[in-house]
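Trainee: Please read through the structure below; I'll follow up with questions.
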Amino acid sequence: MLKLPEDFIFGGATAAYQVEGATKEGGKGEVAWDEFLEKQGRFSPDPASDFYHQYEKDIELCEKFGVNGLRLSIAWSRIFPDGTGKVNEEGVAFYHKVFAACEKHGVLPFVTLHHFDTPKVLFDQGDFLNRDNIEAFVAYAKFCFDEFKEVRYWSTFNEIYPVATNQYLLGIFPPGITYDFTKIIACLHNMMYAHARVVNLFKDEGYAGEIGVVHSLETKYPASDALEDQHAAFLDDALSIRFLLDATYLGYYSDETLSALAEICEANGASYDFPEEDLAEMKRASHRNDYLGINHYQCHFVKAYHGENAIHHNGTGDKGTSVYKVKGIGERIYKEGIPRTDWDWLIYPEGLYDLLLRIKEDYPHYNKIYITENGMGFKDQFDDGVIMDQPRIEYLKVYLESLSQAISAGVNVKGYFLWSLMDLFSWSNGYNKRYGLFYVDFETQKRYPKESAYWYKFVSETKTII
Ligand code: BG6
């Protein structure tokens, strides 16, 4: 049986918009998602898991079940309803209460400043494509650092690559734009620059605590040994992984990244510009990250593709409906013998091991890592209060084993945040795709520990992966 270190954090992860509900309560300002979801009419973000009212109970559950870290995000528009300007004191008070509950129950809060929810006023002005919004983000970050002194662990952004691609490639996030690589690359770069600005601010001002960024890093493998498949995997990796790690840890884009960008841009009629001043700021931040947060759920096998763009996002759990074929990158395929979830996410724990070893090798000053999300979306069966989620336990077990092996191979991973603490609202899948350790009856807002919650408690208490 594999073990995890004694001082390891066994956390649970959430995000403001996915758990809080109360989108029109407590003086909260609008976000683009409110209107986007209303127009779609598929599902509502209210009441989600009603964390806005149930936080005390949820944090108490953490303590009971050995969950000693809670990853959560602050909703920017609860603090600044219009993104800048007037502060909403009710929002500030809410997060102070949440952090006080964490303190009371011995749960360490890991706080993300931005988890997909830019205030609508700023979003409508171009979100992170608009450079003025970078200044607004830095001001919001500074406000949080000054105000929430009880927080020790900060992340700037959650998942810059999915923000850029879901907004401007797949179109499944507002503003729903597709195949615009100029916007994708500008968004990636501007957010990485904004991250650097906030890291430099945090360090220059000498705030106590740690700062990092959370990247979604899904390992890419060639679909075969053929040279063109290897090249397709290289291109997909360059845009989704190497770009972000270069920006985070080098402060410039490596030749590999730039050559891949040139190819992707040529195929898609796109262009980019990385101002020298931005790179200087990023360079200064590149050795100042206290940690890297990694969200990792799956990996991709990539095959060369020479046709037109075609993407279908499986947001329903109808297995086998995903399509990802992108000009100038490649096609992501299913691989014989590799299991996948109903949402077509490939279960391949070696992907996590390979990713962690690669970071250690390519960016040796990475400092330390937290796995900030990992988990399995599943259609749980509720049987009179009992939820036997064995497939989820199996999934978590193999990923934790892979993580433990990476630690044994010398990678400095200090904690793991299981996605998700409780069932919550999923951006493009609604309420059907459950991830939680705790089942939520969304009608009554009652919580029920799943079998996996008892399993996780054991693992957390014994540090033993069974
Ligand atoms: C990550 C996000 O991408 O994956 C979460 O940080 C998200 O916000 C999670 O919910 C799972 O994705 P999905 O699409 O299954 O909800």
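Only the coordinates and a few stated rules stand behind these numbers; no lab work does. If you're wondering where the values come from, they're calculated on a predicted model, not measured in any experiment. Every residue, glycine as well, gets a Cβ built from its backbone with ideal geometry; the counts of neighbours run over all protein chains shown.
Trainee: How large is the helix-only mean residue ellipticity at 222 nm for the chain, computed as the sum of -39500 (n - 2.57) over DSSP H runs with n ≥ 4, divided by its residue count, in deg cm²/dmol to the nearest 500?
Mentor: One gets -12500 deg cm²/dmol as the mean residue ellipticity at 222 nm.
Trainee: Just to be sure I understand: of the beta bridges DSSP finds with both ends in the chain, what percent are antiparallel, rounded to 5? Write down the numbers at each step before the final one.
Mentor: On the way: 19 of 56 bridges.
Expressed as a percentage, antiparallel bridges in the chain total about 35.
Trainee: If we count other beta carbons within 10 Å of each Cβ, what is the order of 105, 306, fewest first?
Mentor: Going from least to most buried by this count: 306, 105.
Trainee: Once a ≥ b ≥ c are taken as the square roots of the eigenvalues of the Cα gyration tensor of the chain, is the result rounded (a/c under 1.5), prolate (a/b larger than b/c) or oblate (a/b not larger than b/c)? If you can, show how the numbers build up before the last one.
Mentor: Values: a/c = 1.30, a/b = 1.11, b/c = 1.17.
Rounded, because the longest to shortest axis ratio a/c is under 1.5.
Trainee: Mind listing the long-range amide H neighbours of residue 292? Cut-off is under 5 Å, sequence gap 5 or more, other chains count too, H placed in the peptide plane at 1.01 Å from N.
Mentor: 368, 369, 370
Trainee: Spelling out what I want: for every residue of segment 346-357, take phi, set θ = phi - 60°, compute 6.51 cos²θ - 1.76 cosθ + 1.60 (Karplus), and round to whole Hz; glycine and proline get x.
Mentor: 6, 8, 8, x, 4, x, 6, 4, 4, 4, 5, 5
Trainee: Right, something else. Find the lysine pairs in segment 224-354 meeting two conditions, Cα atoms under 19 Å apart and a separation of 8 or more places or different chains, and report how many there are. Mind dumping the intermediate values first?
Mentor: Numbers: 303/325; 303/327; 303/335; 319/335; 325/335.
Within segment 224-354, the lysine pair count is 5.
Trainee: While we're looking at this one, here's another question. Using amide H atoms built in the peptide plane, which far-off residues or other-chain residues are under 5 Å from residue 12 H to H?
Mentor: Under 5 Å from the amide H of residue 12 lie the amide H atoms of 69, 70, 71, 418, each far enough along the sequence or on another chain.
Trainee: With the cut-off at 1.5 for a/c, could you classify segment 321-466 from its C-alpha gyration tensor as rounded, prolate or oblate? Present the calculation step by step, with values, prior to reporting the outcome.
Mentor: Working: a/c = 2.04, a/b = 1.24, b/c = 1.64.
Oblate, since a/c reaches 1.5 and b/c is not below a/b.
Trainee: Using Cα pairs under 8 angstrom and six or more residues apart, how large is the relative contact order of the chain, in percent? The partial results should precede the final answer.
Mentor: Working: 971 pairs, mean separation 80.6, N = 466.
Relative contact order here is 17 percent.
Trainee: Work out the length of the dipole vector of the chain about its Cα centre, built from +1 on the beta-carbon of each Lys and Arg and -1 on the beta-carbon of each Asp and Glu, and round it to the nearest 20 debye.
Mentor: On the way: 46 positive and 70 negative charges, 153 e Å.
Here the size comes out at about 740 debye.
Trainee: Just check segment 97-243 against the gyration tensor rule for me: Cα atoms, a ≥ b ≥ c as the square roots of the eigenvalues, rounded for a/c under 1.5, and otherwise prolate or oblate depending on whether a/b exceeds b/c.
Mentor: Numbers: a/c = 2.21, a/b = 1.61, b/c = 1.37.
Prolate is the answer for segment 97-243, as a/c is 1.5 or above and a/b outweighs b/c.
Trainee: Please report the antiparallel percentage of DSSP beta bridges with both residues in segment 230-374, rounded to the nearest 5.
Mentor: Details: 9 of 13 bridges.
Roughly 70 percent of the DSSP beta bridges within segment 230-374 come out antiparallel.
Trainee: Please report how far the C-alpha centroid of segment 1-79 lies from that of segment 271-335, rounded to the nearest whole angstrom.
Mentor: What the calculation gives is 25 Å, centre to centre.
Trainee: Neighbouring Cβ atoms within 10 Å as the yardstick, rank 284, 447, 392, 42 fewest first.
Mentor: On the way: 284 16, 447 21, 392 26, 42 11.
Sorted ascending by nearby Cβ count, the order is 42, 284, 447, 392.
Trainee: Subtract the Cα-Cα distance of residue 443 and residue 266 from 0.36 nm times their separation in residues, and report this length gain in nm to one decimal.
Mentor: On the way: separation 177, 0.36 × 177 = 63.72 nm, distance 5.04 nm.
Taking residue 443 through residue 266 to full extension adds about 58.7 nm, to one decimal.
Trainee: Mind scanning 120/149; 64/414; 57/368; 368/450 and naming the pairs with a C-alpha gap bigger than 25 Å?
Mentor: Beyond 25 Å between Cα atoms: 120/149; 57/368; 368/450.
Trainee: Percent relative contact order of segment 112-255, based on C-alpha pairs within less than 8 angstrom and at least six residues apart? The partial results should precede the final answer.
Mentor: On the way: 160 pairs, mean separation 34.0, N = 144.
Computed over segment 112-255, the figure is 24 percent.
Trainee: For Cα pairs less than 8 Å apart in space and 6+ apart in sequence, what is the mean separation divided by the residue count of segment 16-131, i.e. the relative contact order in percent? Don't jump to the answer; show the numbers that get you there.
Mentor: Values: 176 pairs, mean separation 40.5, N = 116.
Relative contact order here is 35 percent.
Trainee: Next question, about the same structure. Any chance you could check the Cα centroid distance between segment 129-190 and segment 229-257 for me, in angstrom?
Mentor: Cα centres, segment 129-190 to segment 229-257: 19 Å.
Trainee: Read phi for every residue in segment 111-127 and hand back ³J(HN,Hα) as whole Hz from Karplus 6.51 cos²θ - 1.76 cosθ + 1.60, θ = phi - 60°, with x for Gly and Pro.
Mentor: Going residue by residue, I get 10, 9, 7, 9, 10, 6, 10, 4, x, 4, 4, 6, 4, 5, 8, x, 6 Hz, with x marking Gly and Pro.
Trainee: Return the long-range amide H neighbours of residue 340 (sequence gap of 5 or more, or a different chain), with a cut-off of under 5 Å between placed amide H atoms.
Mentor: The answer is 347.
Trainee: Work out how much length residue 383 to residue 290 would gain on full extension: take 0.36 nm times their residue separation and subtract the Cα-Cα distance, in nm to one decimal. Mind showing how you got there, number by number?
Mentor: On the way: separation 93, 0.36 × 93 = 33.48 nm, distance 4.39 nm.
Net length gain for the segment: 29.1 nm.
Trainee: If you don't mind, there's one more thing I want to ask. Residue by residue, what Karplus-based ³J(HN,Hα) values in Hz, rounded to whole numbers, does segment 128-134 have, using 6.51, -1.76 and 1.60 with θ = phi - 60° and x for Gly and Pro?
Mentor: Working through the residues one at a time gives 7, 7, 9, 5, 4, 6, 5 Hz.
Trainee: Sort 265, 62 so the one with the fewest other Cβ atoms within 10 Å of its own Cβ comes first.
Mentor: Numbers: 265 16, 62 25.
With the fewest neighbours first, 265, 62 line up as 265, 62.
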